[in-house]
Amino acid sequence: MRLTILGSGTAIPVPDRFPAGHLLQHGGAAVLVDCGPGVLRRLAQAGIGPAGLDAVLLTHYHPDHCADLAALLFALRAPTFAGRPPLQVFGAPGLERLVRTLTEAWPWLQPRGYPLELVELQPGEFPLGPFAVRALPIRHTMQSLGYRFAAAGGSVAFSGDADECDELVELARDADVFVCDAATPDGQKLDGHLTPGIAGEFARRAGARTLVPTHFYPECEGHDLRAMAAARFGGRVVLAEDLLRLDVGAAPASGS
């Protein structure tokens, strides 16, 4: 599997970090986990256009995690994408209401020339192309889900935005890569979010191999976030940055 961080930031605009988005590729399939504003541009920079995208999984419905869903639906109406395979969009209950509300405001989002499949999830496991996916409830909003992907003997877990909860340990148990909320430096914790040290503690408890802290607020600038995570986690720590690429089980390399 190849993981590309498309957005390592938050709702607060900064020059070098777009809001949340992650691209996971394997066996010819390409899926997005979260689709915050600007993520479609990062997706293009990663070499994937709307025609190559198979599915979108939303961890929750805050705009910094899903606003570009509207932009994606609008882009897919272009004649060049007519006849493409179905686009599947997954999320917690409330997904259909979200898309219905968006299309009431912007009728131009109605699918044209391709099928749109909305899937409202309960916690559990389901197949998605070459992936086996598990969804778990995560403490953040009432509609927050974390996702774990397994394929070809490897696994990647995504916390989404998260506060302290035992489900994070279950989500990341023995994962090759754990992409985890670490919004603010240790000592500046925000309600509904983690810090690098707390993320490191959950990665340690889970036995994850690599921790990728992400979702950095501007308050993180100037702090040694890697050291904070490493103080409580003995595995590899790779700080997220936009367009970072990580092959599961191999060394990371930046891409553009």
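The residues of the range 147-172 that are within 17 Å of Phe131 (Cβ to Cβ) and charged (D, E, K, R) amount to a single one, Arg148. On inspection, Leu73 passes the criterion of being touching a helix residue (DSSP H, G or I) at 6+ places or on another chain (Cβ under 7 Å) and closer than 28 Å to Ser159 by Cβ.
With respect to (1) farther than 20 Å from Cys180 by Cβ; (2) part of a loop (DSSP other than H, G, I, E, B); (3) touching a residue at least 40 places away in the same chain (Cβ under 8 Å), the lone exception for Ile48 is condition (3). For Thr80, the requirement of being surrounded by 14 or more Cβ atoms within 10 Å (Cβ to Cβ), more than 24 Å from Tyr147 (Cα to Cα) and not aliphatic (A, V, I, L, M) is not met. Asp34 meets the conditions (1) surrounded by 23 or more Cβ atoms within 10 Å (Cβ to Cβ); (2) on the phi < 0 side of the Ramachandran plot in every case but one. The failed one is (2).
Does Thr141 satisfy the condition of being under 30 Å from Asp191 (Cβ atoms) and either buried (at least 17 other Cβ atoms within 10 Å of the Cβ) or touching a residue at least 12 places away in the same chain (Cβ under 8 Å) (or both)? Here the answer is yes, as Thr141 does meet what is asked. When Arg148, Arg139 are screened for being part of a strand (DSSP E or B), within 25 Å of Gly9 (Cβ to Cβ) and of a type in the set (D, E, K, R), only Arg148 passes. Screening Pro107, Pro130, Pro111 for residues that are in contact with a His (Cβ under 6 Å, 6 or more places away or on another chain) and within 28 Å of Arg84 (Cβ to Cβ) leaves exactly one candidate, Pro130.
Going by the structure shown, is Thr59 hydroxyl-bearing (Ser, Thr, Tyr) and part of a loop (DSSP other than H, G, I, E, B)? It is true that Thr59 is hydroxyl-bearing (Ser, Thr, Tyr) and part of a loop (DSSP other than H, G, I, E, B).
All of the numbers you see were taken from the coordinates with simple rules; none came from a lab. Small disclaimer: the values here were computed from a predicted structure and weren't measured. We place every Cβ from the backbone using ideal geometry, glycine too, and count neighbours over all the protein chains shown.
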